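> Take a look at this one; I'll ask things after.
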Amino acid sequence: MMTKNKDIKIKQRIAEPHFLTARMVKSALPKRQSDEHKGNFGSVAILGGYTGMVGAVLLAARAALHCGAGRIYAAMLCKNAPAVDMLQPEIMLRSMPEIAKLPQLDCVVLGPGLGQSIPASVLLEFWLAQNVPLLLDADALNLISIHPRLAVMVKERIAETVITPHAGEAARLLGVSAQQIQQTRTESALKLAKNLHATCVLKGASTICAHFDGHWFMNTTGNVGLASGGTGDVLSGMIGSLIAQGLSTLDAAKLGVYVHGAAADALLKKGIGPIGMTASEVALEARNVLNALNLRN
C-alpha cells in the first residue's frame with residue numbers, strides 16, 4: 001500500500017503544471033552594477049563546427065554574445081576554420097588546444113555542428129573529465145547515446161551539466177521512439193535528467209526544463225517560427241551565456257528557454273515570421289527581451 005501511494009503521489013506531481021512565466025524567470029536575471037567590467041560577466045566557449053557545419057558554432061557564439069557573457073570563445077573541428085567572425089569580431093576564435101588551456105572558462109557549450117567523428121568523440125571525452133559546467137547539444141548527445149562509457153562520465157561529473165535534446169536525440173538516449181518521447185514529454189525529460197544527473201531541456205512545443213532532483217517546468221512562450229535551422233544552436237548559446245554569468249544550470253535553462261520563445265513571439269508581433277523567421281533574428285531579439293525583463297519592476 002505504501003508503494004502504491006508513493007507512485008500515486010509521483011504521478012500527481014508530474015501532472016501538476018509548472019509553467020514558466022516572466023515573473024518567475026525575472027528573479028534569475030544576472031545582476032549588473034554601474035562599475036562592472038567584462039570579467040564579471042563570465043567566459044563561455046562554444047565548441048563544434050565539423051566540416052560544413054561552421055554556422056552552428058557561429059550562431060551559438062553570437063547568441064552567447066547578445067545575451068551578455070563577458071568573453072566568448074569559439075573553436076571548430078573543421079579544417080581551415082575562419083580566423084574571425086566578420087559579423088561579430090567580438091567573438092574570439094581559437095583552436096581546440098588553445099581553448100583547453102584557458103584558465104577562466106565558466107561554461108563550455110559542446111555539440112553545435114560537432115559531427116560524430118573520432119576527433120569529436122575524443123573532444124567530448126576530454127571535456128566531460130573537466131571540472132567546468134557543460135552544456136551538451138546535438139551530436140554530443142548522439143555520441144553519448146552510442147558510447148555507454150560517455151553516458152557514465154556525464155552522470156559522474158562533479159560540475160553541473162545541461163543537456164538540450166530534441167525528441168529524436170532524447171529517443172536515442174533513452175532507447176525508445178521519438179513518438180514515445182512526444183507522448184510522455186515530462187516523464188522523458190525527468191528520466192533523462194535523473195539518468196545523466198543533469199538539467200534536461202527537452203526542446204519542442206512547450207519545452208520542458210527538468211532537473212535531476214525532480215523539479216520541472218513547462219515553457220509558455222514560443223511559436224512555430226522556431227521550427228527552423230539553427231534555433232537550437234541559438235538556445236544553447238543563450239543558456240551557456242547565462243551559466244557563465246553565474247546562474248545555476250536550472251535557472252539558466254529556465255531563463256534561456258523563456259527568453260528564446262519570447263524573442264520569437266516578439267518577432268511575430270513585428271510581422272517577422274512565422275514563415276522565414278531565422279535563428280539569427282531570434283538571437284538579436286533575445287537581447288531586447290532580456291533588457292526589457294531587466295527594466296520591469
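Just so it is clear, none of the values below were taken in a lab; they were calculated from the coordinates. Just so it is clear, the model here is predicted, and its values are computed rather than measured. We place every Cβ from the backbone using ideal geometry, glycine too, and count neighbours over all the protein chains shown.
> Give the Kirkwood hydrodynamic radius (Å, one decimal) of region 153-224, defined as one over the mean of 1/r across all pairs of different Cα atoms.
Details: mean 1/r = 0.0831 Å⁻¹.
This gives a value of 12.0 Å.
> Let me ask something else. For region 46-64 and region 95-117, what is the separation of their C-alpha centers, rounded to whole Å?
Cα centroid to Cα centroid, the span is 11 Å.
> If you don't mind, another one. Using all C-alpha to C-alpha distances in region 49-158, build P(r) with 10 Å bins and read off the rounded percent in each one.
14, 49, 32, 5
> Take the residue pairs Lys203/Lys254; Lys26/Lys254; Lys38/Lys254; Lys79/Lys203 and return only those whose Cα atoms are more than 21 Å apart.
Check vs 21 Å cut-off fails for Lys38/Lys254; Lys79/Lys203.
> Using a/c under 1.5 as the rounded threshold, could you call region 231-297 rounded, prolate or oblate? The axes a ≥ b ≥ c are square roots of the C-alpha gyration tensor eigenvalues, and prolate needs a/b larger than b/c, oblate otherwise.
oblate
> Calculate the all-directions average of the projected area of region 150-283's alpha-carbon convex hull, and give it in nm². Don't skip to the answer; put the middle values down first.
Details: hull surface 31.7 nm².
In nm², the orientation-averaged hull projection of region 150-283 is 7.9.
> Computed from the mean reciprocal separation of all distinct C-alpha pairs, what Kirkwood hydrodynamic radius does region 171-212 have, in Å? Walk me through the numbers before you get to the answer.
Working: mean 1/r = 0.1002 Å⁻¹.
Computed over Cα pairs of region 171-212, the Kirkwood hydrodynamic radius comes out at 10.0 Å.
> Between region 152-173 and region 248-297, what's the alpha-carbon centroid distance in Å?
24
> Would you mind calculating the relative contact order of the chain from Cα pairs under 8 angstrom and at least 6 residues apart, reporting the percent as a whole number?
Result for the chain is 21 percent.
> I've got another one for you. Filter the trypsin sites (Lys or Arg not before Pro) in region 71-115 down to the DSSP loop ones having no more than 10 other Cβ atoms within 10 Å, then list what survives. Provide the component values of the computation, followed by the final result.
Working: sites: Arg71, Lys79, Arg94, Lys101; in loops: Lys79, Arg94, Lys101.
Answer by residue number: Lys79, Lys101.
> Roughly speaking, what is the stretch gain from His18 to Ala83, that is 0.36 nm per residue apart minus the C-alpha to C-alpha distance, in nm to one decimal? Can you show the working numbers first?
Details: separation 65, 0.36 × 65 = 23.40 nm, distance 4.39 nm.
Answer, rounded to one decimal: 19.0 nm.
> Per the helix-only calculation at 222 nm, which mean residue ellipticity applies to the chain, given -39500 (n - 2.57) for every DSSP H run of n ≥ 4 and division by its residues, nearest 500 deg cm²/dmol?
-14500 deg cm²/dmol
> For the chain, give me the percentage of DSSP beta bridges that are antiparallel, rounded to the nearest 5 percent.
Approximately 25 percent, going by the DSSP bridge assignments.
> I would also like to ask the following. Write down the radius of gyration of the chain and its Dmax, each obtained from C-alpha positions, in Å.
In Å, with Rg to one decimal and Dmax whole: 18.3, 65.
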